[in-house]
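The block underneath contains the structure these notes are about, expressed in structure tokens.
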Amino acid sequence: MSQRVKIKQVLHDDAVQYTATVKGWVRTFRSNRFIALNDGSTNNNLQVVVDFENTDPAILKRITTGAAISATGTIVASQGSGQKVELQATSIEILGDSDPEKYPLQPKKHSLEFLREIAHLRFRTNTFGAVFRVRHTLAYAVHKFFNDKGFVYLHTPIITASDAEGAGEMFRVTTFDPQKPPVTEEGKVDWKEDFFGRATNLTVSGQLEGETGAMAFGEIYTFGPTFRAENSNTARHLAEFWMIEPEMAFYNLEDNMNLAEEFIKYVIRYALEHNREDLEFLGARLAEEEKSKPQAERSEMGLIEKLEFVLNNDFMRITYTEAIDILKNSKPNKNKKFQYMVEEWGTDLQSEHERYLVEKHFKKPVILTDYPAAIKSFYMKQNEDGKTVRAMDILFPGIGEIVGGSQREENLDKLVHKMEELGLPVEEMYWYLDTRRFGSAEHSGFGLGFERLVLFVTGMTNIRDVIPFPRTPKNAEF
RNA sequence: UCCUCCUUAGCUCAGUUGGUUAGAGCAUCUGACUGUUAAUCAGAGGGUCGUUGGUUCAAGUCCAACAGGGGGAGCCA
């Protein structure tokens with residue numbers, strides 16, 4: 001281990017005539033002589049040249065796709081044209097064999113669907129190597145952005161008793177024997193007997209707890225796993241996903257939008273600067289995919305071009321009401337091309353409408369604000385018009401909603417009134433309402449789906465391919 | 001959850017109006033070759049046609065249910 005160098009460094013340094021040991025996994029072994037070795041530090045392989053005439057044939061036979069090896073030798077300028085430098089090996093050690101009859105990865109293109117079924121091995125492919133290195137960089141950039149701005153990283157609870165967020169179906173957390181849970185005299189499950197003395201669930205959002213932190217530290221963010229027991233079977237939903245939720249005191253809706261836009265641009269720029277090679281690989285991969293699509297469906301921009309375009313352009317900001325007007329007068333609405341016609345103010349926008357606005361009309365990210373109160377959550381600040389709330393959704397091309405946020409209702413009476421209207425347990429939520437009872441102030445926040453961000457940056461199209469081990473309905477393998 | 005399409009070798013896919021022994025490329029194995037880049041060339045092995053039931057003299061092919069997967073929709077991040 002002492003002498004080991006990472007392949008990324010060997011390739012980056014571009015130096016020659018020095019001794020080095022590298023360790024990694026064999027991608028292919030060509031001509032009984034050339035090993036394409038990958039150690040996960042970069043998508044590029046190091047070519048290890050074996051002196052096959054002076055190597056034990058028994059060792060040569062064990063250099064198979066997937067095997068872990070250690071190679072020591074001299075880094076020299078390559079005679080071949082595919083790489084600048086290579087390792088002229090003087091000794092090869094097999095660290096772990098890989099039975100070629102059984103190892104599922106071959107040196108060829110595999111379908112993403114197949115690789116999803118072997119998610120524990122797909123990290124060893126170029127595509128997933130790049131995707132998960134980019135994911136890491138984005139996660140790091142999230143923390144760096146907020147840390148540099150003085151936000152406090154607050155760990156909100158994973159297990160919650162609150163069922164008032166209204167953000168969807170929840171997973172129950174219990175230690176009861178499912179065969180025979182304790183029951184009350186009425187024959188109902190007696191949650192008082194459960195571990196926490198009450199019914200508990202996995203969190204669907206850290207927002208409400210986050211608000212209590214914002215009303216002390218000023219600015220906080222959460223970044224953790226989130227769980228939704230919805231029976232959603234789409235390329236952009238997971239039952240377990242990672243969400244970033246900043247919450248800021250003294251921010252109004254505009255401050256909130258400014259922060260969200262700055263944040264998204266920051267992390268994208270950070271990935272472009274620190275994962276250029278991986279993004280170039282993913283871009284090339286995407287371009288290859290595009291070739292097999294019909295002309296009309298091809299995207300106009302390459303991956304990196306698309307990311308730079310987002311960095312260099314302001315997000316379009318319009319109100320829900322303006323969006324409805326645009327959609328009403330749009331060609332697909334007049335020609336009845338929409339599956340759902342846009343007729344009246346007040347209904348929620350369908351995916352096809354959001355896609356039209358983002359991908360056809362404005363051709364850039366769009367921030368929609370001031371939605372009808374009836375289709376948004378109880379905690380959003382009510383506008384003076386009595387109809388709309390200070391909500392904002394950020395819509396991205398190909399992804400849809402990547403951010404959902406709002407200015408929060410800081411007026412205790414208005415908030416309680418709204419909760420009573422919706423039949424929410426006001427008593428139980430005393431701790432949340434205390435933020436409005438004691439030193440209430442204007443504040444805002446948003447939630448950003450991390451995997452949706454990774455989807456956009458990597459150019460992948462299925463959310464199951466940007467989280468290591470996806471949890472979806474009927475799937476919790478690995 | 002709804003609509004729709006798909007499920008044939010380890011992988012990607014052919015398989016005609018239902019008809020005799022189900023094919024190809026890649027991978028694997030054996031051999032040849034050795035500065036290769038998903039190496040190349042020759043040969044070989046490899047199949048409960050997703051599962052169950054039905055129609056028929058006969059089912060990979062037709063029908064039904066179920067399971068899994070893709071695409072779209074809803075819910076949302």
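If I filter the range A:94-116 for residues that are among the basic types (Lys, Arg), surrounded by fewer than 14 Cβ atoms within 10 Å (Cβ to Cβ), over 17 Å from A:Arg27 (Cα atoms) and modelled with pLDDT of 90 or more, do I get at least one hit? No: the range A:94-116 contains no residue that is among the basic types (Lys, Arg), surrounded by fewer than 14 Cβ atoms within 10 Å (Cβ to Cβ), over 17 Å from A:Arg27 (Cα atoms) and modelled with pLDDT of 90 or more. Which ones in the range A:1-60 are assigned to a helix (DSSP H, G or I), without any contact (Cβ under 8 Å) to a residue 12 or more places away in the chain and over 23 Å from A:Glu280 (Cβ atoms)? Answer for the range A:1-60, where residues must be assigned to a helix (DSSP H, G or I), without any contact (Cβ under 8 Å) to a residue 12 or more places away in the chain and over 23 Å from A:Glu280 (Cβ atoms): A:Glu53, A:Asn54, A:Pro57, A:Ala58.
For the range A:386-396, a residue qualifies if it is without any contact (Cβ under 8 Å) to a residue 40 or more places away in the chain and either in a loop (DSSP other than H, G, I, E, B) or near RNA strand B (Cβ under 8 Å from one of its atoms) (or both), and the qualifying residues are A:Gly386, A:Lys387, A:Asp393.
If you filter the range A:417-446 down to residues that are within 30 Å of the chain's Cα centre (by Cα) and crowded, with 23+ Cβ neighbours inside 10 Å, you find that the one that is farthest from A:Glu113 (Cα to Cα) is A:His443.
Only residues that are closer than 14 Å to A:Ala67 by Cα and either assigned by TED's automatic domain parsing to the domain that holds A:Gly129 or near RNA strand B (Cβ under 7 Å from one of its atoms) (or both) were counted in the range A:35-50, giving 1. Among the residues of the range A:1-22, none qualifies, meaning not one is hydrophobic (A, V, I, L, M, F, W, C), in contact with a Gly (Cβ under 6 Å, 6 or more places away or on another chain) and surrounded by 15 or more Cβ atoms within 10 Å (Cβ to Cβ). Just one of (1) part of a helix (DSSP H, G or I); (2) of a type outside the set (Lys, Arg); (3) without any contact (Cβ under 8 Å) to a residue 60 or more places away in the chain fails for A:Phe146. It is (3). Scanning the range A:172-206 for residues that are outside any loop (DSSP other than H, G, I, E, B) and β-branched (Val, Ile, Thr) yields a total of 4. Of the strands (runs of 3 or more DSSP E) lying entirely inside the range A:215-334, the ones with 1 or more residues being under 20 Å from the mean Cα position of the chain (by Cα) and surrounded by 16 or more Cβ atoms within 10 Å (Cβ to Cβ) are found at A:219-227, A:240-249.
A single entry from A:Leu105, A:Leu115, A:Leu138 fulfils the requirement of being part of a loop (DSSP other than H, G, I, E, B) and not aromatic (Phe, Trp, Tyr): A:Leu105.
Restricting attention to the range A:1-19, the residues being within 16 Å of RNA strand B (Cβ to nearest atom) and of a type in the set (A, V, I, L, M) number 4.
Determine whether A:Gly73 is within 27 Å of A:Ala20 (Cβ to Cβ), part of a helix (DSSP H, G or I), touching a residue at least 12 places away in the same chain (Cβ under 8 Å) and among the small types (Gly, Ala, Ser). So A:Gly73 fails the test.
For the structure I just gave you, tell me whether A:Val76 is among the hydrophobic types (A, V, I, L, M, F, W, C) and buried (at least 16 other Cβ atoms within 10 Å of the Cβ). Judged against the criteria, A:Val76 is not a match.
Checked against the criterion of being touching a residue at least 40 places away in the same chain (Cβ under 8 Å), outside any loop (DSSP other than H, G, I, E, B) and more than 12 Å from RNA strand B (Cβ to nearest atom), the range A:372-383 contains one or more residues that satisfy it.
The values are calculated or read from the model by the stated rules, or taken from the named source; none is laboratory data. None of these values were measured; they are calculated from a predicted model. Quick reminder, even Gly has a Cβ in these numbers, built from the backbone with ideal geometry, and neighbours come from all protein chains shown.
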